[in-house]
């Protein structure tokens, strides 16, 4: 059997396998979050989020709504050097992101059943 024939058989089987996988995985919420940043953000985003009074006041003053905060967490970068992950009960994560071309930081307390935003401020303030 020539190389081109073997390659054709391989590619046809590979294509058939991809079609079968697409059929079985269609509509499923499958994700590949293997990095520590992605796992942390996914864990925080899956919980109900509460705010301290200072964060609520900051959100009102800056016209930031809760869906924007969720996006800031979801697309933010977790800085593990500034985070406190040594705690037993609730770990505190430092998340950096930008909002309206300004650098913004969030300190999020991640507990078992709830995530609480402790600090939200612009970086230069």
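The numbers here are math on the coordinates, done by the rules we state, and not lab data. Quantities reported herein were computed from a predicted structural model and do not represent experimental measurements. Note: ideal-geometry Cβ built from the backbone for every residue, glycine included; neighbour counts use all protein chains shown.
The combined condition, being surrounded by fewer than 10 Cβ atoms within 10 Å (Cβ to Cβ) and either free of Cβ contacts under 8 Å to residues at least 12 places away in the same chain or closer than 28 Å to residue 113 by Cβ (or both), is not fulfilled by residue 37. Only a single criterion out of (1) surrounded by 12 or more Cβ atoms within 10 Å (Cβ to Cβ); (2) in contact (Cβ under 8 Å) with a residue 12 or more places away in the chain is not satisfied by residue 85, namely (2).
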